[in-house]
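Below is one structure, written out as structure tokens, with a few remarks after it.
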Amino acid sequence: MAQAQEFEKVLSDSDTNVAAFEDHGVSVLKRIQHFLHSTPAAVPLIVLILSIAIFGIAIGGRFFSSYTLTLILQQIAIVGILGAAQTLVILTAGIDLSIGVIMVFSAVVMGNCAVTYGLPTPIAVAIGLGVGTLCGLLNGALVAYMKLPPFIVTLGTWNIVMATNFIYSANQTIRDADVAAQAPLLHLFGVNFKVGTAVLTLGVIAMVVLVLVLWYVLNHTAWGRHVYAVGDDPEAAKLSGIQTKKVLMAVYALAGLIAAFAAWVSIGRNGSISPSAAVTDYNLQAITATVIGGISLFGGRGSILGTLFGAMIVGVVSMGLNMLGADPQWKVLLTGMLIIGAVGIDQWIRKVSG
Amino acid sequence: MATQPLLTARGLVKRYGRVTALNQADFDLYPGEILAVIGDNGAGKSSLIKAISGAVNPDEGEIRLEGKQIAFKSPMEARDAGIETVYQNLALSPALSIADNMFLGREIRKQGFMGQWLRMLDRPAMEKRARDKLTELGLMTIQNIGQAVETLSGGQRQGVAVARAAAFGSKVIILDEPTAALGVKESRRVLELILDVKRRGIPIVLISHNMPHVFEVADRIHIHRLGRRLCVINPKDYTMSDAVAFMTGAKAPPEEALAA
Ligand SMILES: Nc1ncnc2c1ncn2[C@@H]1O[C@H](COP(=O)(O)OP(=O)(O)OP(=O)(O)O)[C@@H](O)[C@H]1O
Ligand SMILES: [Mg+2]
């Protein structure tokens, strides 16, 4: 037995209960801070409910109708799915500037395979998903193995994929009617059905299911915990035995795959397939949803449910302002304020440990 | 000693750019012993154990575990071989919970369909084992096993890291300054834990600047100086001031300790 020093003798009488304290005396603000620290999706959820309430009061019953609310969901489906992909990458303290154009390129590939080359639609879809995954793998390899900064890597692949998209397609749009005639399966996620006055599309369902599945994976599987650990402190994750490079590869590849899935959903929503959609700022909208959803750009923090709420907030705000007949720039202005507000709250919540 | 060493290193060299952290360092750990490693700040102690545990790849030299040459490419491989390490910077993920941290990289999955097909983690089981280990270490001030590590005090974090190593180490446990941030009671528990692990027959490498602790528990003391092993002494034959004198270069080490 170790020969304890004199002053250590009293230790044998130490208290052996797990410490417990009465909760009073802790300020309300501190408690809120702790609550938000452990429940990161709460802020965007509260903001979402508030914005629905505000626009509901300002506009009245027309806004509260299930028709309007489900229309918002239809409008955000694509951005919501892209936001889910972006969330995975941002959780690892990275960023993916290329997923928007990966989506457009994948859609163009799917459309050409099915319509122009006449391949069976399931094979065309598989090829499109494969192209998206390959683009993601390229990002992942450059980030994980070449150790290049994600911002630079995906800025590069953004341009490369966009140019490839235009060169490959010669900027030819595939018409809605041709898709409907030759490859109706590509329109699958545009199929809608009514529940009362609510109109849901399969695309909306796909978005919600995807987010729920990713939420499960991130919170209840080992791989999900590794994604958080890699974003939180990569050095510690490595010393804890996590294969950080493999995790990064998988995350970027999965982001590419989800972007290609968003491509399929987008064909359903748009009908036609247009390569020039590559100039739309889908990706910025996805990043916006992610940031407003409380995913920390520093990595390792936030819940993917927040991204869904973030996308809904943007949808509610633009629909609400639209119905009020406001100048569309108000939506842009408000979005900007929400982004800065979200980052401010993120910083405040982080101070919980300081 | 008559027995064969369990873990040996010969001629380890590690350079970081123009800084030489290890300069032809040797190392021997015998079965069932507590080996203390002492040395000045920057002597290369952490670099030595990082090379052994797969956290860094040495530029030169060879490492043998039970006589077989090993070259761990990652800490995971070392852990799979039964070498568990508490790094000086603890290697915990701040935003993850205590239980998630303790089982990071070797999570327990639920039984049956949920675990096999949906790969669901068995949180209750992980939390229970984490709580048991912390209780064993006397870390009773941790109230919520589900709380994020970043909300713990420095000493509590260290306790979590030590508990993780003690829970999983099967061949060798390496502790890099495990008591540096701990209180009196918690330090005592860690020392008792070290002796407890020794009783289980598992050898321990203890890096520490706390001479009373080192002299209390160590069977042999490896003195590291300027990136290499200067000598190995038996704490019964020398005083703390001798050890400090060798370690700082104030006094030349005795002939018989040099070869080791
Ligand atoms: N990652 C690194 N990059 C560059 N130099 C390093 C790195 N790690 C260690 N060194 C250098 O290697 C030398 C040995 O460092 P090491 O951490 O092994 O010392 P130590 O004996 O553990 O010291 P301490 O008692 O302060 O923990 C130091 O000069 C240090 O500057
Ligand atoms: Mg050190």
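Please go through region B:78-118 and give me each residue that is part of a strand (DSSP E or B), under 29 Å from residue B:68 (Cβ atoms) and among the charged types (D, E, K, R), ordered by number. Talk me through it step by step, then tell me what you get.
If we filter region B:78-118 for residues that are part of a strand (DSSP E or B), which is where we start, we get B:83-86, B:97, B:109.
Narrowing the set further to residues that are under 29 Å from residue B:68 (Cβ atoms) leaves B:83-86.
B:84 - this is the single residue of region B:78-118 that is part of a strand (DSSP E or B), under 29 Å from residue B:68 (Cβ atoms) and among the charged types (D, E, K, R).
Can you give me the ranges of the helices (runs of 4 or more DSSP H) entirely in region A:50-118 with at least 2 residues that are within 15 Å of the chain's Cα centre (by Cα)? Don't jump to the end; show me each part of the working.
Numbers: elements: A:61-64, A:66-91, A:99-111.
In region A:50-118, A:66-91, A:99-111 are the helices (runs of 4 or more DSSP H) which contain 2 or more residues that are within 15 Å of the chain's Cα centre (by Cα).
Across region B:47-62, what is the total count of residues that are within 9 Å of ligand 1 (Cβ to nearest atom), open to solvent by 10 Å² or more (accessible area, probe 1.4 Å), within 13 Å of the chain's Cα centre (by Cα) and not hydroxyl-bearing (Ser, Thr, Tyr)? I'd like the intermediate steps shown before the answer.
Narrowing region B:47-62 to residues within 9 Å of ligand 1 (Cβ to nearest atom): B:47-50, B:56.
Then drop every residue that is not open to solvent by 10 Å² or more (accessible area, probe 1.4 Å), which leaves B:47, B:50, B:56.
Remaining after also requiring within 13 Å of the chain's Cα centre (by Cα): B:47, B:50.
Cutting the leftovers down to not hydroxyl-bearing (Ser, Thr, Tyr) gives us B:50.
Total satisfying the criteria: 1.
Out of curiosity, is residue A:61 open to solvent by less than 30 Å² (accessible area, probe 1.4 Å) and of a type in the set (Gly, Ala, Ser)? Write out each step before concluding.
Details: open to solvent by less than 30 Å² (accessible area, probe 1.4 Å): no; of a type in the set (Gly, Ala, Ser): yes.
Considered against the rule, which asks whether it is open to solvent by less than 30 Å² (accessible area, probe 1.4 Å) and of a type in the set (Gly, Ala, Ser), residue A:61 comes out as no.
Considering only region B:98-130, how many residues are open to solvent by 20 Å² or more (accessible area, probe 1.4 Å) and either on the phi < 0 side of the Ramachandran plot or more than 8 Å from chain A (Cβ to nearest Cβ) (or both)?
20
Mind listing whichever residues of region B:22-46 are closer than 16 Å to residue B:10 by Cα, within 14 Å of ligand 1 (Cβ to nearest atom) and either within 14 Å of chain A (Cβ to nearest Cβ) or assigned to a loop (DSSP other than H, G, I, E, B) (or both)?
Scanning region B:22-46 gives a single hit, B:44.
Can you report the number of residues in region B:70-96 which are in contact with a strand residue (DSSP E or B) (Cβ under 6 Å, 6 or more places away or on another chain) and either within 16 Å of ligand 2 (Cβ to nearest atom) or closer than 26 Å to residue B:197 by Cα (or both)? Full working, then the answer.
Step one: filter region B:70-96 for residues in contact with a strand residue (DSSP E or B) (Cβ under 6 Å, 6 or more places away or on another chain), giving B:70, B:83-88, B:95.
Applying the additional criterion that residues be either within 16 Å of ligand 2 (Cβ to nearest atom) or closer than 26 Å to residue B:197 by Cα (or both) yields B:70, B:83-88.
Count: 7.
Specify which of the listed residues (B:142, B:174, B:204) is within 16 Å of ligand 2 (Cβ to nearest atom), crowded, with 19+ Cβ neighbours inside 10 Å and not small (Gly, Ala, Ser). Steps first, answer last, please.
Working: B:142 fails: within 16 Å of ligand 2 (Cβ to nearest atom); B:204 fails: within 16 Å of ligand 2 (Cβ to nearest atom).
Of the residues listed, the single one that is within 16 Å of ligand 2 (Cβ to nearest atom), crowded, with 19+ Cβ neighbours inside 10 Å and not small (Gly, Ala, Ser) is B:174.
Checking residue A:139 against (1) assigned to a helix (DSSP H, G or I); (2) of a type in the set (S, T, N, Q); (3) touching a residue at least 60 places away in the same chain (Cβ under 8 Å); (4) surrounded by fewer than 21 Cβ atoms within 10 Å (Cβ to Cβ), which test does it fail?
Only one criterion in (1) assigned to a helix (DSSP H, G or I); (2) of a type in the set (S, T, N, Q); (3) touching a residue at least 60 places away in the same chain (Cβ under 8 Å); (4) surrounded by fewer than 21 Cβ atoms within 10 Å (Cβ to Cβ) is unmet by residue A:139, namely (4).
Across region B:68-77, which residue is most open to solvent (accessible area, probe 1.4 Å) among those that are outside any loop (DSSP other than H, G, I, E, B) and more than 8 Å from chain A (Cβ to nearest Cβ)?
Initial filter on region B:68-77 (outside any loop (DSSP other than H, G, I, E, B)): B:68-70, B:75-77.
Narrowing further to those that are more than 8 Å from chain A (Cβ to nearest Cβ): B:68-70, B:77.
Working: B:68: 132, B:69: 112, B:70: 34, B:77: 71 Å².
Out of the qualifying residues, it is B:68.
Quick one: how many residues across region B:34-53 are of a type in the set (Lys, Arg) and either on the phi > 0 side of the Ramachandran plot or within 8 Å of ligand 2 (Cβ to nearest atom) (or both)?
Step one: of region B:34-53, the residues of a type in the set (Lys, Arg) are B:45, B:50.
Remaining after also requiring either on the phi > 0 side of the Ramachandran plot or within 8 Å of ligand 2 (Cβ to nearest atom) (or both): B:45.
Count: 1.
If residue B:181 satisfies all but one of (1) within 16 Å of ligand 2 (Cβ to nearest atom); (2) buried (at least 22 other Cβ atoms within 10 Å of the Cβ), what's the number of the condition it fails?
Among (1) within 16 Å of ligand 2 (Cβ to nearest atom); (2) buried (at least 22 other Cβ atoms within 10 Å of the Cβ), residue B:181 violates only (2).
Quick test for you: out of A:41, A:53, A:114, pick the one residue that is open to solvent by less than 60 Å² (accessible area, probe 1.4 Å), under 30 Å from residue A:153 (Cβ atoms) and hydrophobic (A, V, I, L, M, F, W, C).
Values: A:53 fails: under 30 Å from residue A:153 (Cβ atoms); A:114 fails: under 30 Å from residue A:153 (Cβ atoms).
That would be A:41, the only listed residue that is open to solvent by less than 60 Å² (accessible area, probe 1.4 Å), under 30 Å from residue A:153 (Cβ atoms) and hydrophobic (A, V, I, L, M, F, W, C).
Is there a residue in region A:172-187 that is surrounded by 14 or more Cβ atoms within 10 Å (Cβ to Cβ), closer than 19 Å to residue A:87 by Cβ and over 20 Å from the mean Cα position of the chain (by Cα)?
no
I'm told residue B:17 meets every condition in (1) within 15 Å of ligand 1 (Cβ to nearest atom); (2) at negative phi except one. Can you identify the failing condition by its number?
(2)
The values are calculated or read from the model by the stated rules, or taken from the named source; none is laboratory data. Computed from a prediction, not measured in an experiment: that's the story for all the values here. Cβ: placed from backbone, ideal geometry, glycine included. Neighbour counts: every protein chain shown. With ligands, DNA and RNA removed, areas are computed over all heavy atoms of the protein, side chains included. Shrake-Rupley method; radii C 1.70, N 1.55, O 1.52, S 1.80 Å.
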